[in-house]
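I have a structure I would like to understand better, so I am pasting it below and will then ask my questions one at a time.
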Amino acid sequence: MAQKETFLTPEGLEKLKAELEHLQVVRRPQVAEQIHRAKELGGTVDNAEYDDAKNEQAFVEGRILTLEGMIKNATLIEEAATPSSFVKLGSKVRVRNQDGEEEHYTIVGSVEASPSEGRISNESPVGSALLGKRVGDKVEAQAPAGTLKLKVIAIE
């Protein structure tokens, strides 16, 4: 099965690479040592410590595979030297909501999304509604809380 493209900022790519290295260099040997100690203490049958260590090993190896796939399929979101005239991946967008309040978003790939920090995914309802829009455009996005009406007031 082909993995989907992973959109990342250069900083996001570096974070994933650092996590991968930590898992491979630090966690993998730690888990192997846990398995070894658990085997010495009581074999592998009916040994809760051994079972826990094997579960941790499965998690670590699964995460390593996931990270390797994301890094392999990474497409970098380059920061433009000048602001774009339309919203795209990597854009910093200021919008006004239906209550007249100003909100700030940075459009990123789903891996780096953190709504509490204003980093929304290009795949989220608001992120996908904003893509391709220009200053002055109005959008509606279907969110879990209901329909959001936004007006693009600036693209940085």
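The values are calculated or read from the model by the stated rules, or taken from the named source; none is laboratory data. If you're wondering where the values come from, they're calculated on a predicted model, not measured in any experiment. Cβ coordinates were reconstructed from backbone atoms using ideal geometry, including for glycine residues, and neighbour counts include every protein chain displayed.
Mind checking which residues of the stretch 19-52 are under 27 Å from the mean Cα position of the chain (by Cα) and touching a residue at least 12 places away in the same chain (Cβ under 8 Å)?
Glu19, Leu20, Leu23, Gln24, Arg27, Arg28, Val31
With respect to the numbered conditions (1) modelled with pLDDT under 90; (2) more than 20 Å from Glu123 (Cβ to Cβ), which one is the sole condition not fulfilled by Ile77?
(2)
When you scan the stretch 125-147, do you find a residue that is among the hydroxyl-bearing types (Ser, Thr, Tyr), crowded, with 18+ Cβ neighbours inside 10 Å and outside the structural domain of Arg63 (by TED's automatic domain parsing), even just one?
No - not one qualifying residue is present in the stretch 125-147.
Here's a check for you: in the stretch 1-18, which residue that is touching a residue at least 60 places away in the same chain (Cβ under 8 Å) and aliphatic (A, V, I, L, M) is surrounded by the most Cβ atoms within 10 Å (Cβ to Cβ)?
Leu8
Now, a different point. Which numbered condition trips up Ile120, out of (1) within 13 Å of the chain's Cα centre (by Cα); (2) among the hydrophobic types (A, V, I, L, M, F, W, C); (3) not in a strand (DSSP E or B)?
Against the list (1) within 13 Å of the chain's Cα centre (by Cα); (2) among the hydrophobic types (A, V, I, L, M, F, W, C); (3) not in a strand (DSSP E or B), Ile120 comes up short only on (3).
Does Ile35 satisfy being in contact with a Phe, Trp or Tyr (Cβ under 8 Å, 6 or more places away or on another chain) and part of a helix (DSSP H, G or I)?
Details: in contact with a Phe, Trp or Tyr (Cβ under 8 Å, 6 or more places away or on another chain): yes; part of a helix (DSSP H, G or I): yes.
When the stated conditions are applied, Ile35 passes them.
Can you find even one residue in the stretch 95-110 that is assigned to a helix (DSSP H, G or I), under 21 Å from the mean Cα position of the chain (by Cα) and surrounded by fewer than 18 Cβ atoms within 10 Å (Cβ to Cβ)?
Checked the stretch 95-110: at least one residue is assigned to a helix (DSSP H, G or I), under 21 Å from the mean Cα position of the chain (by Cα) and surrounded by fewer than 18 Cβ atoms within 10 Å (Cβ to Cβ).
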